[in-house]
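The values are calculated or read from the model by the stated rules, or taken from the named source; none is laboratory data. Every value quoted in this text rests on a predicted model; they were computed, and no experiment measured them. As a convention, Cβ positions derive from the backbone with ideal geometry for all residues, glycine included, and neighbour counts pool all protein chains shown. Note: accessible area is taken over every heavy atom of the protein model, side chains too, but ligands, DNA and RNA are not part of it. Shrake-Rupley method; radii C 1.70, N 1.55, O 1.52, S 1.80 Å.
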Amino acid sequence: MRAFLVRHLLLCVSRIFISTSLFFSESFFLSPSCKLRRQFNLNGIHRAGNVILGGLFEVHYNLIKTDILCISFDPPGFRHAMTMAFAIDEINKNSTLLPNVTLGYSLYDNCATLGIGFSAALSLASGREEQFLPQENCLGSPPVLGIVGDPFSTFSIATSNVLGLFKLPIVSLLSLIVFNINDRQRFPSFFRTIPSDAFQVRAMIQILKRFGWTWAGLLVSDDDYGHHVSRSFQSDLAQSGGGCLAYSEILPWGTDPNEYKRIVDVMTKSTARVVIVFAHQMHMIQLMEEVVRKNVTGLQWIASEAWTLVDGLHTPAFMPYLGGTLGIAIRRGKIPGLREFLLRINPEQHHSNDYENSMVRQFWEYTFHCRFAPPPADWVEADGALCTGQEDLENVETEFLDVSELRPEYNIYKAVYALAYALDDMLRCEPGRGPFSSHSCATLQTLEPWQLMYYLEKVNFTTPFGDQVSFDENGDALPIYDIMNWLWLSDGRTKVQSVGEVKKSPFKGEELTLHKDKIFWNFENKEPPKSVCSETCPPGTRMARKRGQPVCCFDCIPCSEGKISNKTDSMECTSCPEDFWSSPQRDHCVLKKTEFLSYHEPLGICLTTTSLLGTFICAVVLGIFIYHRSTPMVRANNSELSFLLLVSLKLCFLCSLLFIGRPRLWTCQLRHAAFGISFVLCVSCILVKTMVVLAVFKASKPGGGAKLKWFGAVQQRGTVLVLTCIQAAICTCWIVSASPAPHKNTEYHNDKIVYECVVGSTVGFAVLLGYIGLLAILSFLLAFLARNLPDNFNEAKFITFSMLIFCAVWVAFVPAYVNSPGKYADAVEVFAILASSFGLLVALFGPKCYIILLRPERNTKKAIMGRGNTKDVPINIGGTHTAAPSSPLSETLEGIPAQLFFA
């Protein structure tokens, strides 16, 4: 049915176009004089002037086709026509706008019918009487220079298709249809003062975004208006990211109850609480009847301009459901003096000034229920009195005089002034500086419509109401809409109030202003509803789209460790910087915790205390040995090496402190060097002591005395020094070639920064440890060989035991060190240092201190050298020869320098 209507409409338009073309061609080119081929019987009102502007308005909205008569008079439509007459009258009284030029008008009634409206447009373009046509040769100014109207989009398209060929400007007041990009070439002379549906769609999307409604339903009428809106709405909504459509349905023409039931069922089952409707009054009435029947409540309706201000929906039956509706309405303006002008309308006045006043006479008869003489043939006295023309409009109630909501009228007012300003600019052109060929200007005697169209494209002025008027490249004025809200009052009355506006300015772009405190919400909590497919994802989560559903339907997935989202509805989680980590809520990054073996944590405190305790014990033992340095126990244990050994042990205890605290470059370089040199010094002393003891007892055998010259005091010191210097050289090469350095390690823990010292060169570290191990093993083997020597004299067993502890600790250290992360690797190394140091300290000096302090009777030469009846053996103690009790041991010491034992 719809396709048939469209084809029929196009066929009618094409036929009219062909006949019109033939008419113009014959009149303008073949005939020596201009004559009208046909006159149309049209309702109109006219006024003469230097320049005539045309107007097309809906004064009637029904047609008797047989008689070509318009019935069903529409007072608001007549008010629209009179608004144009008022604007022209106001311009003629303005001394600054179009001075010395009088504007006239020809206003026609289109009867809400395409054929009548098209005929009226052709009459405006060609003229209605021969006496008002151009000169005989069809030259001179055309009958009208511009047309205001038509109020219908379809009529405007049909009219612009034809009149656009002659560049006759048409400024529409209510045409909302969205044109494509190439349509400007088809309609080069079409302008409008009402925003297109494209802007209305964007305005609604802004309202959705303002209230966070991301899930809505769309209902459109089954015509060009609805289909254009549906495509535009879905594409703009997707581009803006403002939400999704839960459903999109087409409201059919005619009465199809099953289709309306199906649509209401879709609305009921959907989770969308917002319904957007681009439709006409008849669609809404049928839809609401079904909504009431099924009692579908809890919906927030958003109305298009077509039904926002329709009184027919403000009924007690509909308002419980439609209360709180938000709608788009044409901008309401104030036109001072309009009501007074309307009150002065009089058929007698217009009849004397003008040559046609059929519309005024019809309005008068409709308003006062009378007839002008001569009355119709079938007129009887009961039909009403005869009109005198002296009736008073102020004494009758008519919506014609209601100027409280001047919305279409305001667009008409702006359209007339746009044409007037364009004409004024054109007539102010300075000769020689014009925009046309050879810099010529247009003159009042030779005005052409295309010249006016040139200036109309560039017009820019501000109305007394403060609205700026200009046209863009598509012929659209700067758009502005009022946002309306339906109030359902407690007494059952309905009020439609303005709660904001949406407009577009050349500098600020599109702006939406809403007074939320004035909005009436038809819900129990008096708050705007929630209409979302999925709840908002809070910070710390990201949206994960549900498969097979619109983008507005999603799950909220928590961000993984190390990533955050600090705003709602984040599409992705962002990674934190290197030194930061995600908070437990994953909504912001926090500085990573730092980890190292600290002096302030329990482990660090214990190790520090143990290190200082070991150092203190070494100092105490050293003090004991110094205090008792003249006793046989001290002297018999090579006191010089013992003192050096105690000092090295003290350094071993102290070097462990370098492993505690935040690593620095100097601590990283010094810790391993100090550790390696201290332990080599310690083990070297033990090795030399072991070698001396073993050499002494080997020298007691026949022929072994000659070897003792290699184990004097100088040789002992030299050996310790050489062995220690080798370790020092290893450390120096290591630090120079690949120095240990502090390092921020983020591999052990994601949420921590582990500060550690990297060894720099694994080979250097291995050589350092290997050298210590080599000396320790050598000391262990030599001590093991000397383990069966006389107990009272040598400490071979204690050295063997101390080296066994030392080797066991460091053999266990290597795998424990490798497998311990971060600060625990340092703790393992410190523990190994302390354990081995304590092992050496206790094993080597524990028994001696026990004898010195607790068993002084055993701290004698007799006890050390052996028991029994022995002969005196000369021993050199401190350079003095003395006698010692003879024993089997003393026999073996005969002839051996005593300073090897009692240094």
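Okay, here's what the table says:
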item: Qualifying positions in region 793-823 - open to solvent by 60 Å² or more (accessible area, probe 1.4 Å), in contact (Cβ under 8 Å) with a residue 24 or more places away in the chain and more than 20 Å from Gly770 (Cα to Cα); result: Phe798, Phe801
item: Matching residues, region 745-765, being within 28 Å of Thr732 (Cβ to Cβ) and hydroxyl-bearing (Ser, Thr, Tyr); result: Tyr755, Ser761, Thr762
item: Residue, farthest from Val51 (Cα to Cα), within region 433-456, restricted to residues that are touching a residue at least 40 places away in the same chain (Cβ under 8 Å) and in contact with a Gly (Cβ under 8 Å, 6 or more places away or on another chain); result: Leu456
item: Residue ID - farthest from Ile557 (Cα to Cα), chosen from residues in region 570-623 that are among the basic types (Lys, Arg) and open to solvent by less than 80 Å² (accessible area, probe 1.4 Å); result: Lys592
item: Residues of region 213-232 that turn out to be in contact with a Ser or Thr (Cβ under 8 Å, 6 or more places away or on another chain) and either polar (S, T, N, Q) or open to solvent by 10 Å² or more (accessible area, probe 1.4 Å) (or both), as a count; result: 5
item: Residue match in region 430-447 (condition: over 30 Å from Asp74 (Cα atoms) and among the acidic types (Asp, Glu)); result: yes
item: Helices (runs of 4 or more DSSP H) (entirely within region 540-657) containing at least 2 residues that are under 60 Å from the mean Cα position of the chain (by Cα); result: 602-627, 639-655
item: Identity of the residue in region 294-314, modelled with pLDDT of 90 or more and assigned to a loop (DSSP other than H, G, I, E, B), that ends up most open to solvent (accessible area, probe 1.4 Å); result: Asn295
item: Tabulated pairs, region 497-515, first farther than 16 Å from Pro195 by Cβ and part of a loop (DSSP other than H, G, I, E, B), second among the small types (Gly, Ala, Ser) and at pLDDT 90 or above, C-beta under 9 angstrom, 6+ apart or interchain; result: His515/Ser498; His515/Gly500
item: Any chance Gln239 is open to solvent by 10 Å² or more (accessible area, probe 1.4 Å), farther than 17 Å from Phe278 by Cβ and either in contact (Cβ under 8 Å) with a residue 24 or more places away in the chain or part of a helix (DSSP H, G or I) (or both); result: yes
item: Residue satisfying condition, being of a type in the set (A, V, I, L, M) and either under 17 Å from Ile170 (Cα atoms) or open to solvent by 50 Å² or more (accessible area, probe 1.4 Å) (or both), within set Leu447, Leu406; result: Leu447
item: Yes/no for Ser656 being within 19 Å of Ala835 (Cβ to Cβ), open to solvent by less than 10 Å² (accessible area, probe 1.4 Å), free of Cβ contacts under 8 Å to residues at least 60 places away in the same chain and assigned by the TED database to the domain that holds Tyr850; result: no
item: Sole exception among (1) open to solvent by less than 50 Å² (accessible area, probe 1.4 Å); (2) free of Cβ contacts under 8 Å to residues at least 12 places away in the same chain; (3) under 17 Å from Phe78 (Cβ atoms) for Cys387, by number; result: (2)
item: Residue in region 458-467 that is more than 26 Å from the chain's Cα centre (by Cα), in a loop (DSSP other than H, G, I, E, B) and modelled with pLDDT of 90 or more present; result: yes
item: Hey, Val291 crowded, with 21+ Cβ neighbours inside 10 Å, free of Cβ contacts under 8 Å to residues at least 40 places away in the same chain, of a type in the set (Val, Ile, Thr) and not in a loop (DSSP other than H, G, I, E, B) or not; result: yes
item: Qualifying residue in region 501-510 (condition: modelled with pLDDT of 85 or more and either over 24 Å from Phe471 (Cβ atoms) or loosely packed, with under 14 Cβ neighbours inside 10 Å (or both)); result: no
item: Top-ranked residue of region 469-492 - restricted to ones that are over 27 Å from Phe436 (Cα atoms) and polar (S, T, N, Q), ranked as surrounded by the most Cβ atoms within 10 Å (Cβ to Cβ); result: Asn485
item: Number of positions in region 257-312 that are within 16 Å of Gly226 (Cβ to Cβ) and small (Gly, Ala, Ser); result: 4
item: Some residue of region 749-760 being open to solvent by 60 Å² or more (accessible area, probe 1.4 Å) and without any contact (Cβ under 8 Å) to a residue 24 or more places away in the chain; result: no
item: Count - residues of region 271-288 that are open to solvent by less than 10 Å² (accessible area, probe 1.4 Å) and under 25 Å from Thr214 (Cβ atoms); result: 9
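Residues checked against (1) open to solvent by 20 Å² or more (accessible area, probe 1.4 Å); (2) at pLDDT 90 or above; (3) of a type in the set (Asp, Glu); (4) touching a Cys at 6+ places or on another chain (Cβ under 6 Å):
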{"site": "Arg635", "(1), (2), (3), (4)": "yes, no, no, no"}
{"site": "Leu641", "(1), (2), (3), (4)": "no, no, no, yes"}
{"site": "Trp666", "(1), (2), (3), (4)": "yes, no, no, no"}
{"site": "Val696", "(1), (2), (3), (4)": "no, no, no, no"}
{"site": "Ser700", "(1), (2), (3), (4)": "yes, no, no, no"}
